[in-house]
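See structure below.
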Amino acid sequence: MSIADKIPADIRGENYTGAATCVKCHTSIGESFAHNSHGLTSSPVVNKNLLKLLANDSNSFAFNQIMKIKVEKRDSGIYQVAYVNGKEIRSQRFDVAFGSGEKAFTYAYWKDKKLFQLPLSHFSEIKTWANSPGFPKNAMYFDRQVTSRCLECHSSFVKTSVKQVSALAMDEEMEKGSLIYGIDCERCHGPGKQHAVFHLENPKEKKAKFITIYNTLSRKQKMDACGVCHSGNTLTTVQSVFNFQPGDKLADYYSQDFVSFGGGNPDVHGNQTAMLQGTLCYQKSEMTCQSCHNSHESIKGNMAIYSQRCISCHQTQKHTATTLAKGVLKTNCIDCHMPMQASKLISFQTAGNKNVNPYLLRSHHIGIYPAK
C-alpha cells in the first residue's frame, strides 16, 4: 500500500488530507494552533468543559417574573431549559460551541439536518449567562437557524443540500457528520494531500512543496486570504467561500452590499480588513495582517508582544508628556491606538436588565483616539 493510500479520506475531496495528517510533521504548530482563536472558533460541546462554567454561575437567566431559562445537567447531556411559571415548556441540548471563550461562547443544537442557536450565551467579561446577541429581549427564542453561511467563517467545511420549497424560498440541510470544526490547516494553506505525500516520501526535503506558503503571496493575496472571514457583515456571497483557496481573488466570492447597515462605516465586529485598510499604517507601508498576527500562535491578549510589533515600525514616535507619564508605551500601545469599541451590530441583555449591554471588540482602525 502506497503512502497516498494510507492517508485517510477527507470529506472535502481527494486533494485534501485533514489536520490529523498535517500534525504528524508539524507537531508544535498543531499544538499552538489548537489553542488559538482560529482553531477554537467552533467545536463539539465537551461536557466536562461546559461544567466548569456551570460550577461558578447561577446557571439561569430570568426574562421576567414568569419566564426563565436554566442550564441543567441531565443524563443525556447538558440542556438549556425554558420555564414559564415554573413549568418546563422546552429543552434543547448543547451540541456545538462557537467561540474561543476569550469574549464569549455561544451554542447551538442539532435538529435533524438543521442547526439552531441556543438562547443563552456565556460572556467572559460578566462571567455569567446572558441573552444571545440579537435575540428578543422579552421572549425565549430557540429557533434561529445557523446556516452554512455562518459556518463558512466558523468552521472548515460542512456538506449541504438545498431544495426549493416555494417559488421564492429555498431550504438548506447540513450533514452533521461532515462538519469540520474550527479553521484548519487546509482552510488557509489550500489542499494538502500532494504536499503530505511528497514530504512523507521524501523526508529529507525541507523546502515546502505543493502547498501555499504565505510569504510567496502578494500583499493583496494575503489580505484577501484573511478577508475571507474578516471582511464583515455587509457582503453578499457570490459563491461559497469554502471553495476559496489562497491566491484566489476575494471579489470572485463576495460583492459589497453598500445598502446594508455599515457599508461605508465598517463595524468593529468581523470587519478587521476594511478597518485596517483605512488607516495610515496600512496606506503608508506594505503592512498586512501578518505584520502583527501569526495565525499559528496563541498569544491573544498579550499586549506586550503586540506592542513590540508596533515599536518595530514606530521606534522614533514622539508622545506628549501626559502620555509618557502613563509609563506603558513599551508594553501597551494597543489600548490607546486600537481601543475596545462597541459593535453596532451585536449587543446582549443581562438578566433583570431591560437595557442592552454593548459588545466590546478590538478596533483594527489604528489611529489617535481622544483621551478618556
Pair-distance profile P(r), taking every C-alpha pair of region 119-222, with 10 angstrom steps and integer %: 11, 23, 28, 20, 13, 4, 0
Sequence-distant residues sharing a close amide H with Tyr254 (under 5 Å, placed H): Val238
Selection from Gly39, Cys22, Met67, by position along the positive dipole direction of region 1-79 (Cβ): Met67
Over region 232-372: Rg over Rh, Cα atoms, Kirkwood Rh: 1.01
Sites Cys313 and Lys207, calculated FRET efficiency, Cβ-Cβ separation with R0 35 Å, nearest 0.05: 0.75
Shape of region 164-243, Cα gyration tensor, a/c cut at 1.5: oblate
Charge dipole (debye, nearest 20) of the chain; +1 at Cβ of Lys and Arg, -1 at Cβ of Asp and Glu: 840
Stokes-Einstein D for region 42-180, Kirkwood Rh over Cα pairs, 10 °C, 1.306 mPa s (µm²/s): 100
Dimensions (Å) - region 99-173, Cα atoms, principal axes, largest first: 45, 32, 20
The chain: most fluctuating residue of Gly247, Gly177, Gly270 per GNM, C-alpha cutoff 10 Å: Gly177
For the chain, built as a Gaussian network whose Cα springs stay under 10 Å, the top-fluctuating residue of Leu54, Leu179, Leu120: Leu54
Translational D in µm²/s for the chain (Stokes-Einstein at 20 °C, 1.002 mPa s, Kirkwood Rh from C-alpha pairs): 93
Value at 222 nm in deg cm²/dmol, rounded to 500, when DSSP H runs of n ≥ 4 in the chain each add -39,500 (n - 2.57): -5000 deg cm²/dmol
Exceeding the 23 Å Cα-Cα cut-off - candidates Lys87/Lys137; Lys48/Lys103; Lys127/Lys300; Lys52/Lys111; Lys70/Lys103; Lys70/Lys127: Lys52/Lys111
Most mobile of Ile180, Ile69, Ile211 in a GNM of the chain (Cα contacts under 10 Å): Ile211
Amide H partners (placed H, <5 Å) of Leu120, local residues excluded: Ser132
Using θ = phi - 60° and Karplus 6.51 cos²θ - 1.76 cosθ + 1.60, couplings along region 298-313 (whole Hz; Gly, Pro as x): 10, 10, 4, x, 7, 5, 5, 5, 5, 5, 5, 6, 5, 5, 4, 9
Using θ = phi - 60° and Karplus 6.51 cos²θ - 1.76 cosθ + 1.60, couplings along region 30-38 (whole Hz; Gly, Pro as x): x, 5, 5, 5, 5, 10, 9, 5, 5
Cut-off under 5 Å, modelled amide H: who pairs with Val146 long-range: Leu115, Phe116, Gln117
Proxy reagent accessibility, fewest Cβ within 10 Å first, across Asp248, Asp5: Asp5, Asp248
Glu88-Ala169 FRET efficiency (beta carbon distance; Förster radius 41 Å; 0.05 resolution): 0.80
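Every number in this text was worked out from the coordinates using simple rules, so none of it is lab data. Given the structure is predicted, the values throughout are model-derived calculations rather than measurements. For neighbour counting, all protein chains shown are included, and Cβ atoms are generated from backbone atoms with ideal geometry for every residue, glycine included.
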